[in-house]
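Colleague: I'd like to ask you about the structure that follows.
Derivation of every value follows stated rules applied to the coordinates shown; laboratory data play no part. Predicted model, so just to flag it, every value in this text is computed and none were measured. Virtual Cβ from ideal backbone geometry, glycine too; neighbours counted across all protein chains shown.
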Amino acid sequence: MGRVPYAGNQFRIPGYQAGPYGYAPLLGEHNQQVLREVAGMSDQEIAEAIAGGVVQ
């Protein structure tokens, strides 16, 4: 999307540090991490899934 202007919160809450702290993840950015840590797949299984077009 490129740069998108963001004005931040338009109000202040005492003791709260407002504002975006990082960008939103890209589609599929964490696929390998999720497949490894959540689904319990091995590196070989992940490589096969990527090669087979199951995930990117």
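Colleague: With each pseudo-label sitting 7 Å past Cα toward Cβ, what's the Asn31-Gln56 distance in nm, one decimal?
Modeller: According to this spin-label approximation, the distance is 0.7 nm.
Colleague: Could you pull out every residue, at least 5 positions away or on a different chain, whose amide H is within less than 5 Å of the one on Val55? Hs are placed 1.01 Å off N in the peptide plane, and Pro or chain starts have none.
Modeller: Amide H neighbours of Val55: Ile50.
Colleague: Applying a 10 Å radius around every beta-carbon, put 50-56, 29-35, 40-46 in order of their mean neighbour count, most first.
Modeller: Order by mean packing, descending: 29-35, 40-46, 50-56.
Colleague: Please give the net charge around Gln33, taking every other residue with its beta carbon less than 15 angstrom from that of Gln33, where Lys and Arg add +1 and Asp and Glu add -1.
Modeller: After counting each charged neighbour, the total is -3.
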